[in-house]
Amino acid sequence: MVNPDDYNEQNISQKPAIEVLNNLGYKIIASKDAEAMRGNLYNVLLNPILKKQLEEINSFEYKGKKLKFSNKNIEQAMKDIDEGLGNGLVKTNEKIYDTLMLGRSYEETLFDGTKRSFTIKFIDWENPGNNVFHVVEEFSVERENAKDHARPDIVIFVNGIPFAVIECKKASIEMGQGISQMIRNQGRDYIPQLFKFVQVVMATNKNETKYATISTPAKFWSIWKEKDEKWHQNILSEVVKNRKQTVQDENIVSLFHPQRLLDITKYFVVYDLDMKKIARYQQFFAVKEIIKTINTNNEEGNRTSGVIWHTQGSGKSITMVMLSKYLLSELPVERPRVIVVTDRKNLDKQIRDTFNHTRLKATRATSGNRLIELIADNNADIITTLVHKFDTASKKTKATTSRDIFVLVDESHRTQYGELHIKMKNVFPNACYLGFTGTPLMKKEKNTMIKFGKIIHQYTIADGVKDKTIVPLLYEGKMVEQTVNQKAIDQKLDIITRNLNNKQKEEVKQKWSRFEKIASSDQRINMIAFDINQHFVDNYKTKSANFKAMLATNSKIEAIRYLEAFEELNDINCRVVISAPDDWEGYEAVDQKSKDLVKTFWDRMMEKYGDEEKYVDIIKDEFVNGDEIDLLIVVDMLLTGFDAPRATVLYVDKPMKEHTLLQAIARVNRLYEGKDFGFIIDYRGLLEKLDEAMDMYSGAGLENFDPEDLKGALYDVISIIGSLRQYHTDLINIFIPVKSKNDVEEYEVLLANDELRDNFYNMLSHFGRYLSIALESEQVYNALSKDELDKYKKDLKFYQELRKVVKIRYSDGIDHKEYEAHMQKLMDNYISAEEIIRITNPVDILDKTNFEKELERLGSKRAKADAIRTRMSKSISEKWDENPALYRKFSERIEEVLRAYKEARISEGEYLNKMKGIVEDYRKGDSGIAYPSSIKNDPNAQAFYGVIKEQVYEINEDRGLYEPIADISLKVKSIIDKHVKVDFHDNTDIHNRIAQEIDDLLFDFKKEYNLELPIEQIDKIIEIIKSISVKRY
């Protein structure tokens, strides 16, 4: 028979993890031994190990002699690595990272009396075998509040410095819980002093693993897929024996093999402004493949070039940074130079900024002459430039013949394939050319790709969606006739008002009435603006202001007219970003009025922002990071190379095709909390047919690509119907055991099972999301029958109410923030005009008035009794350590009543009344225990009394020694009172003194009353008393 303990997280995850790490070469240090090394529970460095390593891996040469550092400098280095947290976690972590990478300089007084400075290194990067690797489980750390502790499951150390933290869970617990715990522990009120050193964090169970680095939001934790399979299998076969390999084993080997951990730390961690980033697996293996490729020669004896295709949103720019970091670190003798080439000004600036944010200093060549200067200047390691600057450079400068120049060409499918590629080759004839592209290569481009070479590494759209590094895109076409008449307006009106009541319909009609007065040339823009406005307000403009949208228009004048239309509707905040108007602007706006409108708008922007760069940067920053802008209207700018994770919808009213179309739609595929899809709403019919198998894109834009390369790029919004029906069926199936579908109590009782209830919450979340997509999409709405939609709406309403009730009944504190605001919008707009009662975290059971109000919302007597029982059990669990005997008594009373009800010995009414009686006693602290008069009004002494009495009578018969035990309890209390001080909780000396005095007390008590009290029992009493003291004092 299977032992239930086999499935707890220690046995199923934590112990196997320790076993694998041990077999990888990590020495295990017992938690108590680690605590002794640390000095106290606030400190996290293993000081004796760190000191020994600093002494062993460091030396310096002077006048032919090899010398060791003084003890004073070793001690100072140990203090210096332990940076204060005054600048916040990420900045402190960055300072420590610099120290780990570069070491610190210390002045030594030498044997001849001279003073010189030499570097102490903390990690031996050149000789990895000289470092020592340790692992500690149950690593208890004092919180910043100095009262409580947090205890990460596993901490990995290199040379006594914490490098990684692992949180282990059993397989039945969602991965999100482990991630949430890890993020919480990094907070300023928890244990940031541990995480300021840490490079890698992992949440794991045997079947699933995700990793990140410090301060990574939950949405950006990644999976790892090992690509060096031969190496991986060899190691796994050595470290996992006599049992089946798990996903956890595989990932621990991939990320924490000592050499791999050092590799990732040295090359694949970057600081991007105020964020720390760690490589995803495709970035790691792309750089490895590139290095392998460039270390081979082509026919001319130069380094082999090639193409890297990583789909948009998968971190292409950061891959370039990591590659550059690797090249500059690993090829110092060759004096490598990196030239990053783009074909657009805003991309050039963005890439320069990305490099500089990571502290790899990049210099921007703003002109052809400046490019010539920088090429001649050997101090510029990284240069960013526009491709057309090579036009000037090729005419004015001599060729630079070094083979150690690396030209990274961004979006290499575009102009760089033409004449300018030849000019680059004229300037750098022997360079290594690495083309990076985020969009698939068209069929014709694949033939011309030989200018760069083979595909070195690829990470496709389908890979990104599968790994959840980008969100899938849903496409919906909405054709609008060029000539709009009353009939078209009426038809549109019917669609928009389909879910509204009469009053709401009337308000909409008043807004629409003005279309009759508008000239036909502007009618189309106004109709689309109204459609977008209604769509965004109904579905995305929530109080939390999480989601944003972009509108791609055909010309500057159209962008400004759209802005005017939205301003007149006055529901959403919009901004327009365009480039400066040219002298020939009339080609796009033939009438003078249009030209004047563009110029007037531009002058207004320049007056407000000062210059074009500030105008674009300020609006872009507000859209990405602020809450003010809902919709950004653009023409060409910001449709490529622009990351705005909160952008969820792209409305398209401009002709686009091929790479431009793919890059534009990728604006909304970035990850963001609560964002399941990006939406493309197309008013131009760009894709006339998009079939469900994703193997044919016909119409205006994508037929020139290989279908396989586009797989996963777009999903027709109609494909949502299948998922909607599936989740609805899954919800219905949960309640198959319910015999009477009209008896809500049966539904609630069924959900008493924790696992089933979690499944219900999860299915309801998915069903709600897909129904909201169905209701906001005209195509899906029209494809479903009215009866089917009504059924879904009715069921959602029922299940939402059921969810609220069972949350109260079973005292759940679940939090679905990621979908709650959008869900509420759905309920408000489409399903019910009734007031929705919002349930926050359940109120404290000790708050009698509010708890009883909440209780009244529940229907049956059993539901109320269940709510009292579960809430009381939760409260008892939280308070248990304060007085185990008292709370055990309450727990036993609850269990006895529940057992009587389940065995039908008492009715529902008696069940409720008995629970009410227990909760009243609970609030008073009256468990029914009869305390001697000397401690009747002393809760602390009562807590000690309960423990001593329980342990004494566990092995002795009850001889009625209640008063003597009460007297002992008061003496114990006096001992604790005497020793309580500011650092009492974690002061080992104080704890030892308390233990000694209580030990003497119990020994005398045992002797006086001739009791059987072995040493183990006395130790147990002392430990429980100390635990109670920590909780109560």
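We did not get these values from a lab; they are worked out from the coordinates using the rules stated. Predicted, not measured: the structure shown is a model, and the values here were computed from it. Methodologically, a virtual Cβ is constructed for each residue, glycine included, from the backbone with ideal geometry; neighbour enumeration extends over all protein chains shown.
Scalar couplings 3J(HN,Hα) for region 318-328, obtained by applying the Karplus form with A = 6.51, B = -1.76, C = 1.60 to θ = phi - 60°, are 5, 4, 4, 5, 5, 4, 4, 4, 5, 4, 5 Hz; x denotes Gly and Pro. Coupling constants for region 453-465 follow from the phi torsions by the Karplus curve (6.51 cos²θ - 1.76 cosθ + 1.60, θ = phi - 60°), and in residue order they are x, 6, 6, 7, 7, 9, 9, 7, 4, 4, 4, x, 5 Hz; glycine and proline get x.
For the listed residue pairs Lys325/Lys620; Lys169/Lys739; Lys219/Lys794, the alpha carbons are over 30 angstrom apart in Lys169/Lys739; Lys219/Lys794.
Given region 933-1032, what whole percent of its Cα pairs are spread farther than 20 Å? Write out the running numbers ahead of the final one.
Details: 1630 of 4950 pairs.
Percent of Cα pairs beyond 20 Å in region 933-1032: 33.
From least to most packed, judged by other beta carbons within 10 angstrom and beginning with the fewest, Thr988, Thr296, Thr304 follow the order Thr296, Thr988, Thr304. Looking at region 882-921, the trypsin sites (Lys or Arg not before Pro) that sit in a DSSP loop and have at most 16 other Cβ atoms within 10 Å of their own Cβ are Arg905.
Of the listed peptides 26-35, 993-1002, what is their order by residue-averaged count of other C-beta atoms within 10 Å, with the highest listed first? Walk me through the intermediate numbers first.
Working: 26-35: 15.4, 993-1002: 17.2.
Output ranking for 26-35, 993-1002: 993-1002, 26-35.
The residues neighbouring Ser254, those whose beta-carbon lies less than 9 Å from its own, together hold a net charge of -1 under the Lys/Arg +1, Asp/Glu -1 convention.
Please go through the residue pairs Lys349/Lys548; Lys675/Lys804; Lys32/Lys889; Lys66/Lys277; Lys548/Lys741; Lys276/Lys478 and name each one whose alpha carbons sit more than 30 Å apart in this structure.
Working: Lys349/Lys548 24 Å; Lys675/Lys804 23 Å; Lys32/Lys889 33 Å; Lys66/Lys277 39 Å; Lys548/Lys741 41 Å; Lys276/Lys478 41 Å.
Flagged as over cut-off: Lys32/Lys889; Lys66/Lys277; Lys548/Lys741; Lys276/Lys478.
Annotation: the residues Ser317, Ser765, sorted from fewest to most other C-beta atoms within 10 Å of their own C-beta, follow the order Ser765, Ser317. In plain terms, the chain from Ser740 to Lys170 could stretch by 201.7 nm, reckoned as 0.36 nm per residue minus the Cα-Cα distance.
Centre-to-centre separation between the Cα atoms of region 162-225 and those of region 882-900: 36 Å.
Relative contact order of region 933-1032: what whole-number percent is it, with Cα pairs under 8 angstrom and at least 6 residues apart?
Working: 65 pairs, mean separation 34.4, N = 100.
Relative contact order, region 933-1032: 34 percent.
Could you order the peptides 573-580, 336-343 from most to least packed, using the average number of other C-beta atoms within 10 Å per residue?
On the way: 573-580: 18.8, 336-343: 24.0.
Top to bottom by mean Cβ count within 10 Å: 336-343, 573-580.
For Phe1005, Phe284, which order do you get if you count the other beta carbons within 10 Å of each Cβ and list the fewest first?
Going from least to most buried by this count: Phe1005, Phe284.
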